[in-house]
1. Taking the stated definitions as given, is residue 107 outside any helix (DSSP H, G or I), at negative phi and surrounded by 16 or more Cβ atoms within 10 Å (Cβ to Cβ)?
2. Considering only strands (runs of 3 or more DSSP E) fully contained in region 15-100, which possess at least 2 residues that are under 15 Å from the mean Cα position of the chain (by Cα) and crowded, with 17+ Cβ neighbours inside 10 Å?
3. Note down all Cβ pairs under 7 Å where the first residue falls in region 1-22 and is of a type in the set (D, E, K, R), the second is exposed (fewer than 14 other Cβ atoms within 10 Å of the Cβ) and at pLDDT 70 or above, and they're at least six residues apart or on different chains.
4. State whether one or more residues within region 154-164 are buried (at least 17 other Cβ atoms within 10 Å of the Cβ) and within 13 Å of the chain's Cα centre (by Cα).
5. Taking only pairs six or more apart or across chains, which ones have beta-carbon atoms under 7 Å, a first residue in region 25-40 that is basic (Lys, Arg), and a second residue that is open to solvent by less than 40 Å² (accessible area, probe 1.4 Å)?
6. Among the residues of region 134-145, what is the count of those that are surrounded by 15 or more Cβ atoms within 10 Å (Cβ to Cβ) and assigned to a helix (DSSP H, G or I)?
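The values are calculated or read from the model by the stated rules, or taken from the named source; none is laboratory data. Everything numeric here is computed off the predicted structure, so don't read it as measured data. Positions of Cβ are generated from backbone atoms using ideal geometry, with glycine treated the same way; all protein chains shown enter the neighbour counts. Remember, those area values only see protein heavy atoms, side chains included, never the ligands or the DNA or RNA. Shrake-Rupley method; radii C 1.70, N 1.55, O 1.52, S 1.80 Å.
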Amino acid sequence: MNVQSLMANKIRVGDEAPDFTLISASGQKISLKDYIGKKNIVLYFYPKDNTPGCIREACGFRDNYEVFKGMGAEVIGVSSDSLEKHQGFVKKHNLPFILLSDEKKKVRKKFGVPSTLGLIDGRVTYIIDKKGDVIHIFSSQFQPKKHIDDAINVLKKLADTPTA
């Protein structure tokens, strides 16, 4: 896929999040539509299980998982690692949230997640509201902790916003 076609697919704030179905580390089929209308979603794409930045990010989401649940949100992580790698990653770091395997990078492409230097899968977090709309995007390969902080801040603001 060339850069122009990748940019054409890039999801922006205000867009409806595209539905997808992937297999989780626990072997379940998970679809985004299963959560629409029920929960806000913190959907984060990360490069690779068991690498320093990805461990920091995953453990940050783990350590704040109750905070996310308390704000009515589900955390879903996506990488191109295999189910077997995900299973080991979940077990080793006691991850309570959903990890999905996107080995063919179809969902990553659907969202337009860029790569770093054309080599490393990008690190991007999307906050999707209960209606299924993308309300925030944070992209930073080298600030994994900021993905968690940003997500919490956005969800707090969302909770404080009166509904019509």
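1. Values: outside any helix (DSSP H, G or I): no; at negative phi: yes; surrounded by 16 or more Cβ atoms within 10 Å (Cβ to Cβ): yes.
The answer is no for residue 107.
2. Values: elements: 21-24, 29-31, 40-45, 73-79.
Ranges flagged: 21-24, 40-45, 73-79.
3. From region 1-22, the pairs are 19/31; 19/33.
4. Filtering region 154-164 down to residues buried (at least 17 other Cβ atoms within 10 Å of the Cβ) leaves 154-155, 158.
Now narrow it down to the ones that are within 13 Å of the chain's Cα centre (by Cα): none.
Checking region 154-164: not a single residue is buried (at least 17 other Cβ atoms within 10 Å of the Cβ) and within 13 Å of the chain's Cα centre (by Cα).
5. As it stands, the answer is 39/72; 39/73; 39/74, since those pairs meet every condition given.
6. Matching residues across region 134-145 total 1.
Okay, residues lined up against (1) over 22 Å from residue 139 (Cβ atoms); (2) of a type in the set (D, E, K, R):
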residue	(1), (2)
15	no, yes
30	yes, no
44	no, no
47	no, no
61	no, no
78	no, no
102	no, yes
